[in-house]
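First the structure, in the form of structure tokens, and then the observations on it.
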Amino acid sequence: MPEHKQIRALLAVSQSTAGGALRAYFRARGDSVEEISPASVETVLERVSALRPDLVVLDLDSGADALEEMHRCFRTLPVVVFAPASPEIAFAAAKLGAIEFLSLPFADDELASKLNRVIARLADAPEREIVPDRSFSNRSQEIMEDFPRLFNSSPRMMQIHDTIHKVATTSATVLIRGESGVGKEIVARMIFTLSERSHGPFIKLNCAAIPGDLLESELFGYESGAFTGAVRTKPGKFELADGGTLFLDEIGEMEPRLQAKLLHVLQDGQFSRLGAKRDIAVDVRVVCATNQILEQRVAEGRFREDLFYRINVVTVSVPPLRERRDEIPVLLRYFLEKYAAVYRRTLVPLEPKLLDFLCAYSWPGNIRELENLCKRYVIVGDPTQIVCELSVQQGDTPVPHHTGPTAASALPPTSEAPSLLQIGHRAAWLAEREAIRHMLTETRWNRREAARRLKVSYKALLNKIRDMEFTVQK
């Protein structure tokens, strides 16, 4: 192989087979390669900003939003994407800034020839520094501007807003409580943005999305040779968050064995990677979130009491949206305006009957569900479909303490009926959701057991629970 300049490649990959083929290609060249999951746009952008890679290879199936954000924030960054073969997908990827498209499943000759071509172009191109443009540098400022509109719309939320401002200037550990979708991550990011650590990294880890045997290596990293498959040293989230903030979402799902190690880090600021012989000292502020009643888990022996008191220095409890109905019109207007600008669509105002129906809806998925609905409305512009979806989810029953209209009366009189294709997709979605709901009830919300019985991976089931906006049962 001719002499070549070593490059830094960042692989944002969720498929193990594709990831293995890409790693083998770059390592055979002698390049530096790092692999992350593209599930979180923020994580991808943060790693790009920290690593300054020469090339990013992105799994488009789970990282389409990340591609759009990278093109917006790092316009000179070369990005190669891969997805199942489709001219439409390849064209869409090119419009979003991808410089090459790889078809799944990979063919060895195509993978090598296309990446060789890309790297040859990089070698011929003039030196350029991959730095975030103004839009990325001002992400904290954008959060500062958006936050008051989400957390200043009622006296109760203004109290939470004031608490966040007070705690942000300290180094205290914070526990954020609330149901799924109420905005716990927004609170964590606001604490980070207002703190003296805002110049450092903000690293997020969902403790429920990673099996227990992998969570330890994600948190603390590992040395090369620590276990089968550990072919290189990998830093953990604590190292990556050094000088910044680590956000541990769904902390109640962490296994007791790991809870003891986490407690040690919180007390001493030191830990060791798996397979290491020495400790590493870090300066990390930890913010935790949970949708569970931790006191109950302590009583059941499933959560360490000493860790509970250690993370519960300051508590921020975010109420569910059904307890904040006066805020629904404000939030609807905010998200509709936001995504009309993002997707460059002319915003069609909500008719009064539809607005009444949305204010009467119970919103089990809270703000996340409302935000996703606003996205769909801006993109599709079909109020009939929205009412049908929400009516099925709440059984077409008025919400307590509100005498709202029925689904039929909420339909604008000029709306068209949904297409046969839409009805079919909706029926399949509802059937899948009902099967998952039934299995979760059968297993008393033991998600691992439910995943086993449904014959899907644990991670796939967690994604379904999140996307279908179930309310976690206590």
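Go through segment 169-179 residue by residue and tally those that are buried (at least 20 other Cβ atoms within 10 Å of the Cβ) and in contact with an Asp or Glu (Cβ under 9 Å, 6 or more places away or on another chain).
1
Does any residue of segment 330-340 turn out to be within 29 Å of ILE251 (Cβ to Cβ) and among the small types (Gly, Ala, Ser)?
No, segment 330-340 contains no residue that is within 29 Å of ILE251 (Cβ to Cβ) and among the small types (Gly, Ala, Ser).
Return the pairs, sorted by first residue and then second, in which the second residue is among the hydrophobic types (A, V, I, L, M, F, W, C) and surrounded by fewer than 15 Cβ atoms within 10 Å (Cβ to Cβ), the first residue lies in segment 276-304 and is without any contact (Cβ under 8 Å) to a residue 40 or more places away in the chain and closer than 14 Å to ASP249 by Cα, the beta carbons are less than 8 Å apart, and the residues are 6+ apart or on different chains.
Sorted first by the residue in segment 276-304, then by its partner, the list stays empty.
How many residues are among the small types (Gly, Ala, Ser) and either farther than 18 Å from ARG278 by Cα or in contact with a Phe, Trp or Tyr (Cβ under 7 Å, 6 or more places away or on another chain) (or both) if we restrict to segment 181-232? Lay out the reasoning, then the answer.
If we filter segment 181-232 for residues that are among the small types (Gly, Ala, Ser), which is where we start, we get 181, 183, 188, 195, 198, 200, 208-209, 212, 217, 221, 224-226, 229-230.
Going one step further and asking which of them are either farther than 18 Å from ARG278 by Cα or in contact with a Phe, Trp or Tyr (Cβ under 7 Å, 6 or more places away or on another chain) (or both), we end up with 181, 183, 188, 195, 198, 200, 208-209, 212, 229-230.
The total comes to 11.
Of the residues SER14, SER49, which is at pLDDT 75 or above, in the same structural domain as ALA107 (by TED's automatic domain parsing), surrounded by fewer than 18 Cβ atoms within 10 Å (Cβ to Cβ) and not in a helix (DSSP H, G or I)?
Working: SER49 fails: not in a helix (DSSP H, G or I).
Step by step, each of SER14, SER49 is checked, and only SER14 is at pLDDT 75 or above, in the same structural domain as ALA107 (by TED's automatic domain parsing), surrounded by fewer than 18 Cβ atoms within 10 Å (Cβ to Cβ) and not in a helix (DSSP H, G or I).
State whether one or more residues within segment 330-337 are β-branched (Val, Ile, Thr) and crowded, with 17+ Cβ neighbours inside 10 Å.
Of the residues in segment 330-337, the ones β-branched (Val, Ile, Thr) are 330.
Still in the running and crowded, with 17+ Cβ neighbours inside 10 Å: none.
There is no residue in segment 330-337 that is β-branched (Val, Ile, Thr) and crowded, with 17+ Cβ neighbours inside 10 Å.
Based on what the data block shows, is LEU175 among the aliphatic types (A, V, I, L, M), outside the structural domain of LEU331 (by TED's automatic domain parsing), out of contact with any His (no Cβ under 6 Å at 6 or more places or on another chain) and assigned to a helix (DSSP H, G or I)? Spell out the reasoning first.
Details: among the aliphatic types (A, V, I, L, M): yes; outside the structural domain of LEU331 (by TED's automatic domain parsing): yes; out of contact with any His (no Cβ under 6 Å at 6 or more places or on another chain): yes; assigned to a helix (DSSP H, G or I): no.
For LEU175, the condition - among the aliphatic types (A, V, I, L, M), outside the structural domain of LEU331 (by TED's automatic domain parsing), out of contact with any His (no Cβ under 6 Å at 6 or more places or on another chain) and assigned to a helix (DSSP H, G or I) - is not met.
Condition check ((1) at pLDDT 90 or above; (2) in contact with a strand residue (DSSP E or B) (Cβ under 7 Å, 6 or more places away or on another chain); (3) surrounded by fewer than 20 Cβ atoms within 10 Å (Cβ to Cβ); (4) part of a strand (DSSP E or B)) across all residues:
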| residue | (1), (2), (3), (4) |
| --- | --- |
| GLY181 | no, no, no, no |
| LEU205 | no, yes, no, yes |
| GLU218 | no, yes, yes, no |
| ALA226 | no, yes, yes, no |
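Yes/no matrix, rows are residues, columns are (1) assigned to a loop (DSSP other than H, G, I, E, B); (2) modelled with pLDDT of 90 or more; (3) of a type in the set (Ser, Thr, Tyr):
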{"residue": "VAL330", "(1), (2), (3)": "no, no, no"}
{"residue": "ALA340", "(1), (2), (3)": "no, no, no"}
{"residue": "ARG344", "(1), (2), (3)": "yes, no, no"}
{"residue": "LEU350", "(1), (2), (3)": "yes, no, no"}
{"residue": "LYS353", "(1), (2), (3)": "no, no, no"}
{"residue": "CYS359", "(1), (2), (3)": "no, no, no"}
{"residue": "SER362", "(1), (2), (3)": "yes, no, yes"}
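Taking interchain pairs and intrachain pairs at least six residues apart, which have beta carbon atoms under 8 angstrom, with the first residue in segment 334-347 and more than 19 Å from ILE367 (Cβ to Cβ) and the second at pLDDT 85 or above and of a type in the set (Gly, Ala, Ser)?
Partner pairs satisfying both residue conditions: THR346/ALA340; LEU347/ALA340.
Working only within segment 87-102, note down all residues that are in a helix (DSSP H, G or I) and over 25 Å from the mean Cα position of the chain (by Cα). Lay out the reasoning, then the answer.
If we filter segment 87-102 for residues that are in a helix (DSSP H, G or I), which is where we start, we get 87-95.
Selection gives PRO87, GLU88, PHE91.
Evaluate segment 61-81: report whether one residue or more is closer than 29 Å to ARG466 by Cβ, assigned to a strand (DSSP E or B) and touching a residue at least 60 places away in the same chain (Cβ under 8 Å).
no
Scanning for something of a type in the set (Gly, Ala, Ser) and surrounded by fewer than 21 Cβ atoms within 10 Å (Cβ to Cβ), does segment 314-327 turn up at least one residue? Full working, then the answer.
The first filter runs over segment 314-327 and keeps only residues of a type in the set (Gly, Ala, Ser), leaving 317.
If we keep only those that are surrounded by fewer than 21 Cβ atoms within 10 Å (Cβ to Cβ) as well, we get 317.
Yes, that holds for at least one residue.
Does ALA360 satisfy the criteria of being among the small types (Gly, Ala, Ser) and within 27 Å of the chain's Cα centre (by Cα)?
Details: among the small types (Gly, Ala, Ser): yes; within 27 Å of the chain's Cα centre (by Cα): no.
In short, no.
Restricting to segment 207-216, and then to whatever is in contact with a strand residue (DSSP E or B) (Cβ under 8 Å, 6 or more places away or on another chain) and not in a helix (DSSP H, G or I), can you tell me which residue is nearest to GLY269 (Cα to Cα)?
CYS207
Cβ-Cβ under 7 Å, sequence separation 6+ or interchain: first residue in segment 107-121 and closer than 17 Å to GLN6 by Cα, partner in a helix (DSSP H, G or I). Which pairs?
These pairs meet every condition: ALA112/TYR25; LEU115/TYR25.
The values are calculated or read from the model by the stated rules, or taken from the named source; none is laboratory data. Bear in mind the structure is a predicted one, so any value in this text is a computation, not a measurement. Because the Cβ atoms are built from the backbone with ideal geometry, glycine has one as well, and the counts that use them run over all protein chains shown.
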